[in-house]
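Asks: Have a look at this one before I ask anything.
The values are calculated or read from the model by the stated rules, or taken from the named source; none is laboratory data. Model, not experiment: these values are computed from the prediction. Please note: Cβ atoms are built from the backbone with ideal geometry, for glycine as well, and neighbour counts cover all protein chains shown. These area figures cover heavy atoms from the full protein model, side chains too; ligands, DNA and RNA do not enter into them. Shrake-Rupley method; radii C 1.70, N 1.55, O 1.52, S 1.80 Å.
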Amino acid sequence: IGQSSASTETPGISSPGRTVRVLVGKAGLDGHDRGAKVIARALRDAGFEVIYTGLHQTPEMVVETAIQEDVDAIGLSILSGAHNYLFPRVLELLRERQADDIVVFGGGIIPDEDIEALKKAGVKALFTPGTTTQGAIDWVRANGDDAMLDDSGDLVTSPEEGAICESFQAGRMGWRWY
């Protein structure tokens, strides 16, 4: 596995003096991990420190690993259809462990009609088939850690300050992110 030539500090993420840490998790019984490995490698090559959990993790295992590894963000890959349970459960466990400052995002096979409810539950972004790895990298760079909030805890709204992408469609490019 090659080394990244990217800076150890990622713009837009408030982790001064250290590399941004992202956990890529495969929760549930889903046994397909190619996409998770692709995004993990892309994030690593972009300068993030990536912890990959491997297959068949419980939400409890994902959260425990995230806390132990002191990650800034959790990216869940879900292809099994269990997204309406797994995402909210991870968010609930993070709140219980007082670690809800960890940003949760994800990707996989997630029907459009489920996306809004997951976002309301606290999932910051959902990447569906066709998303480029660069699109996911750019989102994590702008939205990982607590970069979505300013010093007073208010949502940041200008892109140069790390705004949340609520909904962006780039149909001519063939990908979308929520």
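Asks: Kindly list the number of the only condition in (1) open to solvent by 60 Å² or more (accessible area, probe 1.4 Å); (2) in a helix (DSSP H, G or I); (3) within 17 Å of A27 (Cβ to Cβ); (4) not aliphatic (A, V, I, L, M) that fails for K120.
Replies: Every listed condition holds for K120 apart from (3).
Asks: Same structure again: Looking only at segment 61-95, which residues are polar (S, T, N, Q) and crowded, with 20+ Cβ neighbours inside 10 Å?
Replies: Of the residues in segment 61-95, the ones polar (S, T, N, Q) are 65, 68, 77, 80, 84.
Once the filter is applied, which keeps residues that are polar (S, T, N, Q) and crowded, with 20+ Cβ neighbours inside 10 Å, segment 61-95 yields only S77.
Asks: Right, something else. Given the conditions (1) of a type outside the set (S, T, Y); (2) crowded, with 18+ Cβ neighbours inside 10 Å; (3) part of a strand (DSSP E or B); (4) at pLDDT below 95, report the number of the one that F105 does not fulfil.
Replies: Only one criterion in (1) of a type outside the set (S, T, Y); (2) crowded, with 18+ Cβ neighbours inside 10 Å; (3) part of a strand (DSSP E or B); (4) at pLDDT below 95 is unmet by F105, namely (4).
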